[in-house]
Each structure stands twice: as structure tokens, then as C-alpha cells.
Amino acid sequence: MQNKKEHVCEEKVFQSVFMTYATTIRNYIYYKCGDEYKAADLVQDAFAKLWQKCDDVPFKKAKSFLYTVANNLFLNDVAHQKVVLNYQSGTHKSHTNENPEFLLEEKQYNEKLQNALNKLTDGQREAFLLNRIDGKKYAEIAEILNISIKAVEKRIHGALVSLRKEIGKI
Amino acid sequence: MDQENFLAKWLEGTLSDQELQEFENTEEYQSYAKIVEQTDKLHAPDYNTFNEFIALKRKLPERKEAKVVKLDPVMIFFRIAAILILAFGVYYFFDQQDTNITTDFAENRTFNLPDNSEVSLNTNSSVTYNKNSWANRRALMLEGEAYFKVAKGETFDVITTNGVITVVGTQFNVKARENYFEVICYEGVVKVTHKNIEKTLTYGDSFKIFNNTMVEESNLSESLPSWIKDESAFRSIPLEFVLNELERQYEITIQGNNIDESVLFTGGFTHEDLDAALQSICIPLQIEYTIENDKTVKLNVK
């Protein structure tokens, strides 16, 4: 039963849109600037704008509206910090018999990887992390970044090439 | 490897078998595989959509036409006064703290909402609502799992990260855990909004989403969720979610060795005896378990 009267001005729909997109938009901005508080603020500003303009934004356009607004707001004040990601080796997923030496190696590799990620261009980092961390398909990343799928592929390919170069160098 | 952007194609899994084999035989393959494997263990910093949404709601203006008033020096005094009154009013209006009720690991709790609707909160869950606005708008935020007996009246909204559940007067259970969302209706009619999908559930219907698959069932015979009776029951649910629930109920960590967590499990376990609970899960699946200490359980394939 698809709902026909899905309208962003409806509080329930608005809530649902927030619950669906807020995290990815926050992450997308975070991958750009590395400032999680600024990223969270921008998400709030973007949604506040959507709420004001809800009459003019059809449900289907809400997502791209949010990304465009968040992106525009972001361009206005850029102060880059290092992107720091949490490392989690999984709870009861697979590991058990990991010795301390192995864990230390993992830790060192993780540091190298994070440094290398920070040295990517913003475009490469956004595309690569949206794919790996947020599990977005290339087509969706293309929509988010407003570029072609081919350009996404190029960024991801480029990201992997530079990551390998950077990690091998250290 | 001459294909353009072949690393992107490889990551997406769209290389042909031959191309893939060729790539796997190159020197760089291992280092690329490791980069991807390690990146996949990374997470962005925590982001609590609930708290963010509550914060956002406080910022949202009422949607009314804005009036354009010309600047007049004489009016400034009145404007300042108006702003002060308004600010005070807004402060008064929003200062009413939200009520938050949380259960810890291995804890259940039943309590009443301001309209005498009854909420039973399963382990490691939380409910947030505003007492003062309750009379105008019955809405609460839920993380985790809860069973609701809703008093008759206006609509009643349960907001979760996975969707919104709207009812009038009824009994239903909501389970909103990581990657797992389930609503079961025990009486009356329940409306579920998930993204832009809207479902109406009547007595005996359930709606589940796990790992992005949607499952709908009807004609369930139970009259109460099993956890109210200190049991957890599952019907064709991947083992992963069953083990997660076991971890929550007993506050333990489960380490699985080569266990296939995607295998579907039908059955239940008690909340009162860990050994018995483990037996009910492990025996049918031919898994061996050892309770290492109070906090850790190891599973092995027999």
C-alpha cells in the first residue's frame, strides 16, 4: 500500500525523511571537513530549510534538496580538520584468536590508512567513504554529489590508487 | 588490466571473471584487498538521530506567513519588549524537560504515560516523551523494544529511527534494534510509516525489516509478545539477531567461531537461565557452547 499523500509538510513524513537521510548527510559533510559538530549543525540547518520550503519541495525532490542545501551551506565556511574514523574490529562477528602482535600491526596499519585517507582529495574521500562506510552504490553517490556515475568511478579508482601509493610509501 | 577505472569496477563486483582472475594474479592485488578490508572496519563518529531530531524540532519555527514591518525608531522600544516577552515565552514553552525512561541490560520495566497508556520496556531500551505537550500531542521516541497498550483518544505516534508508528487505541509491540525493525499488532489497527511506505496492520499482523528485506506476516496466534513472559521467540530470523537479543538479555558477549550467522532460526529462549537458553538455540543448530566466565560465551560448530 503506497501512500499517495506523502508530503514533506506532514510532520510524520518529515520525521521519516529525517530518520532516513540525516546520518548520511552528516557523514557526507563530515568526510569533507572532519568537524562532526559543524556537520551536525549543517544537517539541522538543511532540514530547517526543508521545513520552511516544504510546500515547494515534492517528496521525491526532498533528498536532493537536502544535499544541495547542505553542500551550499558548507561552501560558505570551510575550515578543514582531520577526518578521524572509529576503528571497530567487530564483536562476535568473526575474530577470536588474535594475538597481541597481530593487533598491534592492525593498529599501525589503521593509522597509516587514516593518514592516507586524509591525503586524498575531498572528492575522492567523499566518494570512497560514502561507498565503503555508508554502503552507497555509485549511482546514489553520483546523485548526492551531482556528478556522473563515470566521474564517481574515476574518483574511487583514483582514491584506491593514491591510498596504495601513500600506504606503501610510509 | 586495461579497463578504465577498473579498481572501481572491481570494488563494485562488475569485472568479468577473466578480468578478476587476471587482477587477482597481479602483485598489487593483495595491497588493494587489504585497503578495502581495513576501510570496511571504519565507522564515522556516532550520530544520534533521536537527539538531533529533538534538537531540530526545538529550532523549527511555526509555519506562518512572515509579516514585513517597516523600521521605525519609536517602535524599537516596543520591539525589544516584544522580543523579551517572546523569548521568555519560548523559554517557558520549551524548558519543560523531556521525560526519559531507560532500561539497562537484563532489565524490564512497565510504566504508565500521562494518559494512562501502558508501556512495557524490554531490556536495553529507552523511551523519551514530553509530559507537558502530551495532552496536545501523544508522541514518543523509542530506541529498542517495547509493548504498548494505548488508551483510547487522539492519535499516538511512536517514532523510531526506522519509521513512525501511528495508532489510535490498541496494543502492539515495536522492536527497533540495529538493522532490525519489527512491529506486531495485538489489538485494533496500527499504521507504520517506513521511509515513504505506509502499511496498515490489523490484529495478528506483523511487519519486519532486517538487512533491508521486508517481511509481512499475518494470523499470528500469540496474544502477548513473548518477552513479557520472560522469553524471546523468533520465527525465521537470521541467527545474528537472535544472538544479539541473547547478548542484551543476559548482558554477555558472544564470540562465534565459524558460525554461520545468516542461518534462519525459529524457536525461543528463556530469560531466566542462561544455560537453558543456550541449549534451546545451540542444540537445534548443532553448535557447541562454552560459558567462559559470567560475561563471555564461545560458540563452535560441532
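Judged by a Cβ-Cβ distance under 4.7 Å, the unpaired cysteines of chain A are A:33.
Only one residue of A:18, B:147, B:75 has its Cα farthest out toward the positive end of the dipole of the protein assembly as shown, where Lys and Arg carry +1 and Asp and Glu -1 on Cβ, and that residue is B:75. Placing +1 on the Cβ of every Lys and Arg and -1 on the Cβ of every Asp and Glu, with nothing else charged, gives the range A:11-76 a dipole about its Cα centre of roughly 240 debye.
For the protein assembly as shown, the solvent-accessible area of protein heavy atoms averages 53 Å² per residue (probe radius 1.4 Å; ligands and nucleic acids excluded). For the pair the range B:12-42 and the range B:220-272, the centres of their Cα atoms are 36 angstrom apart. Peptide B:6-19 has a mean of 4 when you count, residue by residue, the C-beta atoms of other protein chains within 10 Å of its C-beta.
Report, in deg cm²/dmol and to the nearest 500, the calculated mean residue ellipticity at 222 nm for chain B, where each DSSP H run with n ≥ 4 adds -39500 (n - 2.57) and the sum is divided by the residue count.
-8500 deg cm²/dmol
Note on B:180-190: average number of Cβ atoms from other chains within 10 Å of each residue's Cβ is 0.
Quantify how much of the Cα-Cα distance distribution of the range B:153-302 extends past 25 Å, in percent. All intermediate terms of the calculation are to be shown ahead of the outcome.
Details: 3834 of 11175 pairs.
Distances greater than 25 Å cover 34 percent of the Cα pairs.
Per-residue mean of other chain beta-carbon atoms within 10 angstrom of the beta-carbon, peptide A:49-60?
Details: counts 0, 0, 6, 4, 0, 1, 1, 0, 0, 0, 1, 1.
Mean shielding count: 1.
Coupling constants for the range B:254-270 follow from the phi torsions by the Karplus curve (6.51 cos²θ - 1.76 cosθ + 1.60, θ = phi - 60°), and in residue order they are 10, 10, x, 9, 6, 7, 7, 7, 8, 5, 7, 10, 10, x, x, 9, 7 Hz; glycine and proline get x.
What do you get when you divide the Cα radius of gyration of the range A:11-76 by 2.2 N^0.38 Å, with N the number of residues? Mind dumping the intermediate values first?
Numbers: Rg = 11.2 Å, N = 66, 2.2 N^0.38 = 10.8 Å.
Taking the Cα Rg and dividing by 2.2 N^0.38 Å, one obtains 1.03.
What whole-number volume per residue, in cubic angstrom, does the convex hull of the C-alpha atoms of the protein assembly as shown give? Let's see the in-between values first.
Numbers: hull volume 90.9 nm³, N = 472.
It comes to 193 Å³ per residue, whole-number rounded.
Relative to the longest principal axis of the Cα atoms of chain A, helix A:11-33 runs at roughly 40 degrees.
Averaged over residues, the count of other Cβ atoms within 10 Å places the peptides B:114-120, B:244-250 in the sequence B:244-250, B:114-120, highest first.
For the range B:128-146, the residues whose backbone nitrogen is under 19 Å from a point 7 Å from the Cα of residue B:280, taken along Cα to Cβ, are B:145-146. Within chain B, helices built from complete DSSP H runs that reach 20 Å or longer along their own axis (Cα positions) and carry a mean Kyte-Doolittle hydropathy of 0.5 or higher are B:73-94.
Put a dot 7 Å past the Cα of residue B:219, heading toward its Cβ, do the same for residue B:31, and the two dots end up 6.1 nm apart. Just the protein heavy atoms count here, and of the accessible area of chain B at 1.4 Å, carbon and sulfur take up 50 percent. Three semi-axes describe the equivalent ellipsoid of chain B; taken as square roots of 5 times the Cα gyration tensor eigenvalues and ordered largest first, they are 43, 32, 19 Å. Computed on the Cα atoms alone, the convex hull of the range A:100-169 gives a volume of 79 cubic angstrom per residue. For the listed residue pairs A:12/A:49; A:137/B:199; A:112/B:34; B:34/B:298; A:38/A:150, the alpha carbons are over 22 angstrom apart in A:137/B:199; B:34/B:298; A:38/A:150.
The shape of chain A comes out prolate: with a ≥ b ≥ c from the C-alpha gyration tensor, a/c is at least 1.5 and a/b beats b/c. On the principal axes of its alpha-carbon atoms, the range B:99-217 has extents of 37, 32, 23 Å, going from largest to smallest.
With +1 on each Lys and Arg Cβ and -1 on each Asp and Glu Cβ, how big is the dipole of the protein assembly as shown about its Cα centre, in debye rounded to the nearest 20? Intermediate values should be presented prior to the final figure.
Values: 55 positive and 70 negative charges, 451 e Å.
The dipole magnitude comes to about 2160 debye.
The values are calculated or read from the model by the stated rules, or taken from the named source; none is laboratory data. Quantities reported herein were computed from a predicted structural model and do not represent experimental measurements. Note: ideal-geometry Cβ built from the backbone for every residue, glycine included; neighbour counts use all protein chains shown. Areas reflect the complete protein model, heavy atoms only, side chains present, ligands, DNA and RNA absent. Shrake-Rupley method; radii C 1.70, N 1.55, O 1.52, S 1.80 Å.
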